[in-house]
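What follows is a short report on a single structure.
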Amino acid sequence: MTHNGKIARLPRNVRDELNHRLDDGEPGGRIVEWLNALSPVQAVLAAEFGGVGINAQNLSNWRKGGFQHWLKQQQHRVNVQQLTEDSKELNTDAGGVEIANHLSAVLVAELVASARDALANITDPAERCVRVQEFLQTLARVRRQDNLAGKLAIERERRTRERLKEKEKDDYRRECRRESAPWARELARSIMGDSFASLNFLSQAQATEEAESLLRGVKLDGSRQAGSTPPDKPQSN
């Protein structure tokens, strides 16, 4: 809503103070005197209204227009704050389960307030029906977005759990390899040494395959890992 009177042209901090004074029931005459004595008000009046001061009629017009709008805005803020507090309490009572996004609650509160204000000025039943349907459609879209956000949150939690499980498995496998690798290599070298020393060609072939398997785990960086010296070369007979 746009207001074009003298008071509407005043700085916002002045209008806010004026609205609080009206809300507190301060007499109109005292408010007019206070306004006309302020330097910012005098500057606006001189620049835009030929220096003509604010009178009782100007204040009466503001009381019926801008002040009423301010009162509605204050009530909207109270409603939003209450809905936010209620949402927090419900989340606490639900044991940490998120019931609704706070922003969604704010949007719904604004929608309810807008619907109430719009319908209050509509008397034609057909027009009221159309506007109600419009508000319901908007509300349905908001709820669909809430449901979508809930599904996305569930999917994110599932993926996080899966990543944690995979990390735990990888850590477990690395720990097993770290603990078992030294004695496993020593055992394999001992067996391979005996097999290479054997005159049995089949045993030597099996030992060669085991050696190749063992060497696959050795990094080829120009240096041998500790405890990874190759088995003794078999003596030719």
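The values are calculated or read from the model by the stated rules, or taken from the named source; none is laboratory data. Nothing here was measured: the structure is a model prediction, and the numbers come from that model. Cβ: placed from backbone, ideal geometry, glycine included. Neighbour counts: every protein chain shown.
Points to keep in mind about this one:
- Residue, surrounded by the fewest Cβ atoms within 10 Å (Cβ to Cβ), within the stretch 106-136, restricted to residues that are part of a helix (DSSP H, G or I) and β-branched (Val, Ile, Thr): Val130
- Residue match in the stretch 54-73 (condition: polar (S, T, N, Q) and at pLDDT below 90): yes
- Within the stretch 146-193, the set of residues being modelled with pLDDT of 80 or more, under 30 Å from Leu107 (Cβ atoms) and not charged (D, E, K, R) comprises Ile154, Thr160.
- Screening the candidates Leu22, Leu35 for the property of being aliphatic (A, V, I, L, M) and over 17 Å from Gln73 (Cβ atoms) yields one hit, Leu35.
- Any chance Leu83 is closer than 30 Å to Gly150 by Cβ and either surrounded by 13 or more Cβ atoms within 10 Å (Cβ to Cβ) or modelled with pLDDT of 90 or more (or both): yes
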